[in-house]
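Here is the structure we will look at.
Please treat every number below as a calculation from the coordinates, not as lab data. The model shown is predicted, which means the values in this text are computed figures rather than measured ones. Here the Cβ is made from the backbone with ideal geometry for all residues, glycine too, and neighbour counts use every protein chain on show.
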Amino acid sequence: MELINRPRRLRANPSIRKMVRETRLSKAALIYPIFVEEGCGIVTPIPSLEGQTRYSPDTLHLELEKVRKAGVPAVLLFGIPAHKDQYGSSAWAENGVVQQALRAAKRDFPDLYLITDVCMCEYTSHGHCGILDGREVDNDKTLEVLAKTALSHVQAGADMVAPSDMMDGRIGAIRERLDRYGFVNTPIMSYAVKYASAFYGPFREAAGSAPAFGDRRSYQMDPHNRREAVREAALDVEQGADILMVKPALSYLDVIHEVAGSFDLPLAAYSVSGEYAMIKAAAKAGLMDEAAVACEAAMSIFRAGADILITYYAKELAGWIDEGRIG
Ligand code: PBG
């Protein structure tokens, strides 16, 4: 057989396979999401997200210790307040749950990179991501509370803010507010391309943030659209975003690829609660090898073009990278 090209030559053993890999994973690119609940002494497992736990600001160090040990450099904090109102006012309270958590984390873990999710849905009594005008979210009124919330997070110690609300103009509004208060060097990671996805189901149970009526389709993107993703990202680049994000990840690998090729900013992908929960459930049912599938899924997101991965598997992935299962 006269075959010149034999791709199998480069698959012969682990050494050569690893040498020619096109995608490499690093722990430095992982971000771990954590839910912080207002109160004291809270360490509550989250039923919809097996393996994930809610902490209060005073117990958060238990989790951050594990994150540090795993070698994951950054966390993304979500707040669950004790009191909700129609404006979501505990989102920007000086002693709000995220603000308390940030101060404690900065004090005890000065090397950990602290990112906060900036959104209103966990704080509003109606569960929508902004201020309501009747039954609609009022875009421009919401910009003010998002800017206030982002500023209060940064004042409490956030290294970076990540607005996830999908209002038009929020990146510009937040950038202007941070700059006005002297935080010109604090980056914004924009949830630039966030779809109205059913994959957020387990998160909404975890964070108690499901909308009381209606849905989020008037502000989050329609999953049918790809060109619109580039338009959304371009608007955020113009307004000063430092990092772009696509969310969810696995059903949107084409979008990750498109956005990665269209802009020169770092690109994050958020592998959301439903993606994690599906792998957990399938593994529990004995249908798949959890570690192998979680590694393959994470790798596919980087292969599509993401530079950064936000995932509930961050600690485990760090371990699998250390073991050489993936990387
Ligand atoms: C808040 C927010 C959501 C997620 C991240 N930030 C929920 C939503 O938009 O309904 C989802 C994260 C996940 O599913 O893991 N707006």
Top-ranked residue of segment 250-282 - restricted to ones that are more than 17 Å from Met189 (Cα to Cα) and among the charged types (D, E, K, R), ranked as nearest to the ligand (Cβ to nearest atom): Glu275
So, Val184, is that one exposed (fewer than 15 other Cβ atoms within 10 Å of the Cβ) and more than 8 Å from the ligand (Cβ to nearest atom) or not? yes
Within segment 17-33, how many residues turn out to be of a type outside the set (Lys, Arg), farther than 15 Å from Ile301 by Cβ and assigned to a helix (DSSP H, G or I)? 2
Selection within segment 209-249 - surrounded by 21 or more Cβ atoms within 10 Å (Cβ to Cβ), hydrophobic (A, V, I, L, M, F, W, C) and away from the ligand (no atom under 15 Å from the Cβ): Ala229, Ala233, Ala241, Leu244
Identify the residue in segment 68-80 that is of a type outside the set (Phe, Trp, Tyr) and crowded, with 21+ Cβ neighbours inside 10 Å and, among all such residues, is farthest from Asp322 (Cα to Cα). Ile80
Under 7 Å between Cβ atoms, at least 6 apart or on separate chains: pull out the pairs that start in segment 109-124 with a residue that is under 15 Å from Phe35 (Cβ atoms) and within 9 Å of the ligand (Cβ to nearest atom) and end on any residue that is in a loop (DSSP other than H, G, I, E, B) and of a type in the set (A, V, I, L, M, F, W, C). Cys119/Cys129; Cys121/Cys129
Suppose we keep only residues that are assigned to a strand (DSSP E or B) and of a type in the set (A, V, I, L, M, F, W, C) within segment 34-52. Which one would you say is surrounded by the most Cβ atoms within 10 Å (Cβ to Cβ)? Val36
